[in-house]
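Encoded as structure tokens, the structure appears first; notes follow it.
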Amino acid sequence: MAHAQSVQTHLDSTLMQALTRLLGPRLSTHPDTLQQHGHGESHHPPQPPAAVAFVQTEAELIQVAQWCHQFRTPMVAFGAGTSVEGQLQCVSGGLCIDFSQMNRILEVNNGDLNCVVEPGVTREQLNLHLRDQGLFFPVDPGANATLGGMVATNASGTTTVRYGGMKHNVLNLNGVLANGDTLVTGSAARKSSAGYNLTELLVGSEGTLALISRIQLKLYGIPEQVLAARVCFPSVQHAVTAVITLMQYGLAVARLELLDQGSLRAVNQYCGTDYPQQPTLFMEFHGSTALVAEQAATAQALCETNGGVSFVATTADDEKKRMWHARHNAYYAALAQVPNGRGWVTDVCVPISRLADCIDATQADLQQEGLSIPIVGHVGDGNFHLLFSIAPDDEPGLQQAQRINQRLIDRAHGMGGTCTGEHGIGLGKKTYLQQEKGATSVAVMAAIKQALDPLQLLNPGKIF
Ligand SMILES: Cc1cc2nc3c(=O)[nH]c(=O)nc-3n(C[C@H](O)[C@H](O)[C@H](O)COP(=O)(O)OP(=O)(O)OC[C@H]3O[C@@H](n4cnc5c(N)ncnc54)[C@H](O)[C@@H]3O)c2cc1C
């Protein structure tokens, strides 16, 4: 879908005056602020907005949307800026709405195991707040993202294999439409068959359908015991076969992550660790002390049957932290492989029975291209990432990554998978959306966009 506006590098002066009256110093046109808000963590060139509004309340947000609608000004929502598919580039200029100061935790309902938060609350902030009440929110995309950004990208991560991703954990959303009208999508009830599922419509909509102003989320009790383990394999094929066995056995694994040999090499260099440089599964079990011990013993036996060696398990907090620190630093370790390298990350997701074949074929492709690119995966979900690091002026390197990405996505599609398990479409995967869903499905999406935002003001140029 074409985005109609020409690039608005300056806001209308009447609009600027109104926004300044409303927000005072929380409206910024400082060049550094504009530059910082014109991109996320992707390789796409920055495209800054004309101004940034740091909203603090839903009332301010509604007013800002009404004025932007009146002045036909594009609006791009900004959370923590960690998205990786070019979701934040202000391709039509306009106003960036930064939610980082709209970050209050409004309710924690212990009895119902849910909470209500503003969109700028980060997942670490929420979990810190919940810890003393014996509760936690499980979705963990690695980065300390905002919950608004996580809703908007349908984020998932290391714990999705057990607790699901964002779409499984959002009960209700309050949203502000492009014209300033407000909507409520769900309720505090755990399930509902009332009408179209507007909650899931907004989850993953990347700021193109509504500005999310309030989020009600499911919560979970902190398990009595958390046991982390890692085990090495002679090949990715062995590791993934072990994963399939663990899943088929019905083990209640709460995290199940693969780092290939290239990732562990990068992690060892970056973190000063000495993990064996072999495909390795990192896993975690949640439950009673007896349950996790039993599950870990079964996992060890199943892994060893599939060629796993050097199984290490721990319930000690500092050792668990060290283990997951390695996993969470895999991205930065990959970046550090190239001086001044910029992240070029892609993710696909396939049915788990095809995962080993997909990773094998991808590794062979990389080898043929003469590259050693780290592969990490939320393998319990059939999801994995390639972590390219490309120097800013390395145009051939960029084109090579694009070619490999095209083949990766063709491969995933050929196996019944998707071009993105969790990072979204943004600018980066627009062409693959059509390839994956077909013209009719994309036309339906475009019709929904047209119905909710006929002037194409919300995050123009993304998804379509
Ligand atoms: C090291 C690293 C590891 C990562 N690992 C994972 C992973 O495992 N799983 C995963 O899913 N992602 C991962 N990501 C990507 C990223 O963390 C997620 O996409 C995250 O959900 C983005 O949240 P954010 O707050 O940074 O949003 P932003 O990047 O600021 O915005 C993302 C999108 O959400 C929209 N948006 C933000 N706030 C709102 C709002 N209030 N209303 C409407 N739209 C809004 C924006 O317009 C944009 O389209 C990783 C990123 C990094 C850097």
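The values are calculated or read from the model by the stated rules, or taken from the named source; none is laboratory data. For clarity, every value in this text was computed on a predicted model and none was experimentally measured. Here the Cβ positions follow ideal geometry from the backbone for every residue, glycine too, while neighbour counts run over all protein chains shown.
Test N179 against the criterion of being more than 7 Å from the ligand (Cβ to nearest atom), out of contact with any strand residue (DSSP E or B) (no Cβ under 7 Å at 6 or more places or on another chain) and not in a strand (DSSP E or B), and give yes or no. Step through it out loud before you land on a result.
Numbers: more than 7 Å from the ligand (Cβ to nearest atom): yes; out of contact with any strand residue (DSSP E or B) (no Cβ under 7 Å at 6 or more places or on another chain): yes; not in a strand (DSSP E or B): yes.
Answer is yes for this residue.
Identify, from the list E319, E224, the residue that is touching a residue at least 12 places away in the same chain (Cβ under 8 Å), of a type in the set (D, E) and closer than 18 Å to T159 by Cα.
Working: E319 fails: closer than 18 Å to T159 by Cα.
Of the residues listed, the single one that is touching a residue at least 12 places away in the same chain (Cβ under 8 Å), of a type in the set (D, E) and closer than 18 Å to T159 by Cα is E224.
Tell me, which residue of segment 125-144 that is farther than 19 Å from W324 by Cβ and outside any loop (DSSP other than H, G, I, E, B) is farthest from the ligand (Cβ to nearest atom)?
Looking at residues that are farther than 19 Å from W324 by Cβ and outside any loop (DSSP other than H, G, I, E, B), I get L135.
Considering only residues of segment 194-222 that are away from the ligand (no atom under 14 Å from the Cβ) and touching a helix residue (DSSP H, G or I) at 6+ places or on another chain (Cβ under 8 Å), which is nearest to P74 (Cα to Cα)?
Once the filter is applied, the top-ranked residue is E200.
Give S42, S83 a once-over and let me know the one that is modelled with pLDDT of 95 or more, of a type in the set (G, A, S) and part of a loop (DSSP other than H, G, I, E, B). First the steps, then the outcome.
Numbers: S42 fails: modelled with pLDDT of 95 or more.
Going through S42, S83 in turn, just one is modelled with pLDDT of 95 or more, of a type in the set (G, A, S) and part of a loop (DSSP other than H, G, I, E, B): S83.
Given the conditions (1) in a loop (DSSP other than H, G, I, E, B); (2) within 13 Å of the ligand (Cβ to nearest atom); (3) buried (at least 18 other Cβ atoms within 10 Å of the Cβ); (4) not acidic (D, E), report the number of the one that G186 does not fulfil.
Answer for G186: the failing condition is (2).
With respect to G148, is the statement that it is within 14 Å of the ligand (Cβ to nearest atom), crowded, with 24+ Cβ neighbours inside 10 Å and either without any contact (Cβ under 8 Å) to a residue 12 or more places away in the chain or part of a helix (DSSP H, G or I) (or both) true? Outline the logic, then answer.
On the way: within 14 Å of the ligand (Cβ to nearest atom): yes; crowded, with 24+ Cβ neighbours inside 10 Å: yes; either without any contact (Cβ under 8 Å) to a residue 12 or more places away in the chain or part of a helix (DSSP H, G or I) (or both): yes.
Answer is yes for this residue.
What are the residues in segment 390-438 that are hydrophobic (A, V, I, L, M, F, W, C) and closer than 24 Å to V91 by Cα, if any? Before you say what the answer is, go through the steps one by one.
Kept after step one, since they are hydrophobic (A, V, I, L, M, F, W, C), are these residues of segment 390-438: 390-391, 398, 401, 404, 408-409, 412, 415, 419, 425, 427, 433.
The answer is I390, A391, L398, A401, C419, I425, L427, L433.
Go through L126, L88 for me and flag whichever is within 30 Å of Q225 (Cα to Cα) and aliphatic (A, V, I, L, M).
L126
For segment 321-333, does any single residue satisfy the condition of being aliphatic (A, V, I, L, M) and touching a strand residue (DSSP E or B) at 6+ places or on another chain (Cβ under 6 Å)?
The answer is yes; a qualifying residue exists.
Looking at (1) closer than 21 Å to D140 by Cα; (2) in the same structural domain as P392 (by TED's automatic domain parsing); (3) modelled with pLDDT of 95 or more, find the lone condition where F282 falls short.
(2)
Can you find even one residue in segment 4-26 that is loosely packed, with under 14 Cβ neighbours inside 10 Å, small (G, A, S) and at pLDDT below 95?
The answer is yes, given that some residue of segment 4-26 is loosely packed, with under 14 Cβ neighbours inside 10 Å, small (G, A, S) and at pLDDT below 95.
Before we move on, is A313 in the same structural domain as Q269 (by TED's automatic domain parsing) and within 16 Å of the ligand (Cβ to nearest atom)? Before you say what the answer is, go through the steps one by one.
Details: in the same structural domain as Q269 (by TED's automatic domain parsing): yes; within 16 Å of the ligand (Cβ to nearest atom): no.
For A313, the condition - in the same structural domain as Q269 (by TED's automatic domain parsing) and within 16 Å of the ligand (Cβ to nearest atom) - is not met.
Please pick out the residue among G370, G424, G377 that is outside any helix (DSSP H, G or I), over 21 Å from L256 (Cβ atoms) and either of a type in the set (D, E) or touching an Asp or Glu at 6+ places or on another chain (Cβ under 8 Å) (or both). Write out each step before concluding.
Details: G370 fails: either of a type in the set (D, E) or touching an Asp or Glu at 6+ places or on another chain (Cβ under 8 Å) (or both); G377 fails: over 21 Å from L256 (Cβ atoms).
The conditions single out G424.
Output the residues belonging to segment 28-39 that are in contact with a strand residue (DSSP E or B) (Cβ under 9 Å, 6 or more places away or on another chain), assigned to a loop (DSSP other than H, G, I, E, B) and buried (at least 20 other Cβ atoms within 10 Å of the Cβ). Steps first, please.
Keep residues of segment 28-39 that are in contact with a strand residue (DSSP E or B) (Cβ under 9 Å, 6 or more places away or on another chain), which gives 28-30, 33-34, 36-38.
Pick out the ones that are also assigned to a loop (DSSP other than H, G, I, E, B) and you get 29-30, 37-38.
Of everything in segment 28-39, those that are in contact with a strand residue (DSSP E or B) (Cβ under 9 Å, 6 or more places away or on another chain), assigned to a loop (DSSP other than H, G, I, E, B) and buried (at least 20 other Cβ atoms within 10 Å of the Cβ) turn out to be H37, G38.
Among the residues of segment 52-84 satisfying the criterion of being buried (at least 24 other Cβ atoms within 10 Å of the Cβ) and hydroxyl-bearing (S, T, Y), which is nearest to the ligand (Cβ to nearest atom)?
S83
Would you be able to say whether some residue in segment 164-177 is in contact (Cβ under 8 Å) with a residue 60 or more places away in the chain and under 15 Å from the mean Cα position of the chain (by Cα)?
Yes: one or more hits.
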